[in-house]
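Asks: Could you have a look at this structure, given as structure tokens, before my questions?
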Amino acid sequence: MSAEIINGRAISDELLMGLKAQIENLRTQHHVTPCLAVVLVGERPDSLSYVTNKDRVAQQIGMASRPVKLPSTATQDEILRAVQELNADIKVHGILVQMPLPSHVDAETVMAAIDPAKDVDGFHDVNVGKLHKGKKDGFTPCTPMGCMVLLHRVLPNLKGKRAVVIGRSNIVGKPMAYLLQEANATVTLAHSGTHDLASVVAEHDIVIAAIGKPEFVKANFIKPKDAIIIDVGINRIERDGKPKLVGDVDFAAVSEKAAFITPVPGGVGPMTIWGLMDNTVKAACAAHNITRAR
Ligand code: GUN
């Protein structure tokens with residue numbers, strides 16, 4: 001048996017079309033154009049590629065984008081000043097500082113400097129707190145948000161299901177576990193300290209792989225027949241002398257055993273970008289007291 005592919009690219013494209021219509025409506029009815037500022041410090045090729053993608057999608061859906069590029073030698077104060085300028089700019093609705101930052105910069109201090117009302121990544125303590133208290137006026141981190149949409153496409157009701165999140169990062173693992181339990185799944189948060197991870201994962205109907213290790217989740221981790229696999233990993237490896245993008249799941253082997261699986265690329269990645277655009281439209285509506293059309 002071969003698993004059905006969850007086509008994140010197609011689902012993201014469909015949702016982005018909906019956002020494009022909302023943005024057009026905001027522009028014509030309210031004279032507001034949602035604007036996303038993306039701050040990139042340094043020139044890491046992976047970060048540069050993510051930022052370019054975000055910029056391209058923003059333009060495709062009619063959103064204004066404001067790229068801010070700083071050299072890898074930028075001091076923490078210079079980065080904070082750039083963030084403060086964007087906080088003060090009423091034309092900017094969303095601010096994203098691409099992570100990771102160079103090692104001489106304290107990322108926590110930078111995240112804390114972003115106005116929570118513009119924190120479309122959902123990384124600020126205020127938004128983390130709002131998420132965990134079930135308050136709907138904050139921002140949910142984009143990747144977990146996208147994963148939940150993918151999951152709901154194949155399983156609208158998670159009640160009674162057991163879900164395991166592998167990886168406990170602030171960006172993905174922790175908010176993901178929170179969203180799954182809010183959706184009535186019974187959740188295990190597994191990590192590098194989990195004993196006999198393969199057996200633990202095999203007890204679950206839903207697997208969210210977010211450990212950042214190429215093809216770490218093998219077929220023997222997977223409950224036969226009805227498991228749903230969401231692969232958050234984006235790992236650049238070399239295979240047969242060529243560069244290749246792989247997830248945290250051994251796709252070839254696991255897709256023989258599971259019911260549904262997301263591919264890499266074309267699974268979670270495009271949904272993260274949708275999440276970011278959706279949060280930016282939400283920020284623009286909130287900034288202008290506009291009730292959001294759905
Ligand atoms: N680096 C990798 N993923 C992310 C993300 O979701 N947001 C930001 N700001 N940086 C990232």
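Throughout, read-outs are computed from the coordinates displayed, never taken from laboratory work. This is a predicted model, so every value here is computed, not measured. Don't worry about glycine lacking a Cβ; one is built from the backbone with ideal geometry, like all the others, and counts go over all protein chains shown.
Asks: Using only Cα atoms and rounding to the nearest 10 degrees, what angle (0 to 90) does helix 8-30 make with the longest principal axis of the chain?
Replies: 20 degrees
Asks: What percentage of all Cα-Cα pairs in the chain are separated by more than 25 Å?
Replies: Value for the chain: 49 percent of Cα pairs lie more than 25 Å apart.
Asks: Among DSSP beta bridges lying fully in the chain, give the percent that are antiparallel, nearest 5. List each step's numbers first, then the result.
Replies: Values: 5 of 34 bridges.
So the antiparallel bridges amount to about 15 percent of the total.
Asks: Could you sort the peptides 188-201, 229-242, 169-182 by per-residue average Cβ neighbour count (10 Å cutoff), highest mean leading?
Replies: 169-182, 229-242, 188-201
Asks: Ignoring everything except DSSP H segments at least 4 long, calculate the 222 nm mean residue ellipticity for the chain; use -39,500 (n - 2.57) per segment, divide by total residues, nearest 500.
Replies: -12500 deg cm²/dmol
Asks: Suppose every Lys and Arg Cβ carries +1 and every Asp and Glu Cβ carries -1, with no other charges. What dipole size does the range 33-173 come out with about its Cα centre, to the nearest 20 debye?
Replies: With only Lys, Arg, Asp and Glu charged at Cβ, the dipole is about 940 debye.
Asks: To make sure I understand the rule: partners must be lysines, Cα under 24 Å from the Cα of Lys133, and not fewer than 8 residues away in the same chain. Which ones qualify?
Replies: Lys133 reaches Lys118, Lys159, Lys161, Lys174, Lys282.
Asks: Could you size up the charge dipole of the chain around its Cα centre, putting +1 on the beta carbon of Lys and Arg and -1 on that of Asp and Glu, and report it in debye to the nearest 20?
Replies: Computed about the Cα centre, the dipole is about 620 debye.
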